[in-house]
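To keep things clear, I will list the structure first and then write my remarks on it.
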Amino acid sequence: MDVLRVAAGDGRLTLEELDERLETALSARTVGELAVLTADLPEAVGESGFEEVVRIEQMGSTTRRGDAWVVPRRMEIRSAWGEVTLDFTDAVITHDRLHIDLDLRAGALKLVTRPGIVVDTTGLVTNYSAVKERRPADAPVVLRVRITGEVEYGQIVARPRRRGIGRRCR
């Protein structure tokens with residue numbers, strides 16, 4: 001719904017179109033039904049208020065993007081002896097692709113996915129490292145995450161959110 005509101009604010013949707021699409025979004029039952037609502041939107045022209053490139057540089061630290069963070073088109077991650085977590089479960093996805101340029105030394109990159117998010121690590125160079133991918137349930141592709149760069153003595157983990165006891169009871 002945030003993507004629709006931003007599109008209306010940018011003038012890419014009229015108020016009538018916004019009302020129609022929001023009504024449809026509220027009655028949607030699948031991620032695929034939601035994806036159709038934004039598939040025909042033209043690209044934003046000019047400054048949208050969102051960063052096109054997000055840079056994370058850290059040493060011996062932990063960085064987390066979660067809740068309703070806005071997914072940019074590109075991320076440059078430089079991390080040594082630390083952990084970076086990108087949680088896409090409640091992220092605002094405004095583009096259909098995310099390119100991550102990664103330089104990871106003795107650390108971890110964790111991607112928490114949801115249905116419709118596909119992670120591609122074929123462009124990654126790994127040295128004494130592990131790449132673990134667990135795909136979420138099949139759904140129309142909403143976001144393709146392409147990770148390129150180099151990992152040395154580290155690990156990449158891409159998986160859906162784990163269901164805890166509290167989540168099962170809801």
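The values are calculated or read from the model by the stated rules, or taken from the named source; none is laboratory data. On a predicted model such as this, the values are computed, not experimentally measured, just so you know. So basically every Cβ, Gly included, is an ideal-geometry build from the backbone, and we count neighbours across all protein chains shown. For the accessible areas, the whole protein counts, side chains as well, though only heavy atoms, and no ligand, DNA or RNA atoms are used. Shrake-Rupley method; radii C 1.70, N 1.55, O 1.52, S 1.80 Å.
If I filter the stretch 90-104 for residues that are acidic (Asp, Glu), closer than 26 Å to residue 33 by Cα and touching a helix residue (DSSP H, G or I) at 6+ places or on another chain (Cβ under 9 Å), do I get at least one hit? Steps first, please.
The initial filter retains those residues of the stretch 90-104 that are acidic (Asp, Glu), namely 90, 96, 101, 103.
After this cut, where a residue has to be closer than 26 Å to residue 33 by Cα as well, the list is 90, 96.
The next check asks that each one be touching a helix residue (DSSP H, G or I) at 6+ places or on another chain (Cβ under 9 Å); those that pass are 96.
The answer is yes, given that some residue of the stretch 90-104 is acidic (Asp, Glu), closer than 26 Å to residue 33 by Cα and touching a helix residue (DSSP H, G or I) at 6+ places or on another chain (Cβ under 9 Å).
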Exactly one of 67, 120 is closer than 15 Å to residue 145 by Cα and either open to solvent by 50 Å² or more (accessible area, probe 1.4 Å) or in a loop (DSSP other than H, G, I, E, B) (or both), and that one is 120
Within the stretch 127-154, the count of residues that are among the polar types (S, T, N, Q), exposed (fewer than 15 other Cβ atoms within 10 Å of the Cβ) and assigned to a loop (DSSP other than H, G, I, E, B) comes to 0
Review point. Can we say residue 114 is surrounded by 19 or more Cβ atoms within 10 Å (Cβ to Cβ), within 12 Å of the chain's Cα centre (by Cα) and not β-branched (Val, Ile, Thr)?
Key: yes
Here the qualifying pairs (Cβ atoms under 7 Å; residues six or more apart or on different chains; first in the stretch 123-146 and within 17 Å of residue 91 (Cβ to Cβ); second surrounded by 15 or more Cβ atoms within 10 Å (Cβ to Cβ) and among the polar types (S, T, N, Q)) come out as 136/113
Taking the stretch 65-84 and the residues there that are under 11 Å from the mean Cα position of the chain (by Cα) and β-branched (Val, Ile, Thr), the one that is modelled with the lowest pLDDT would be 70
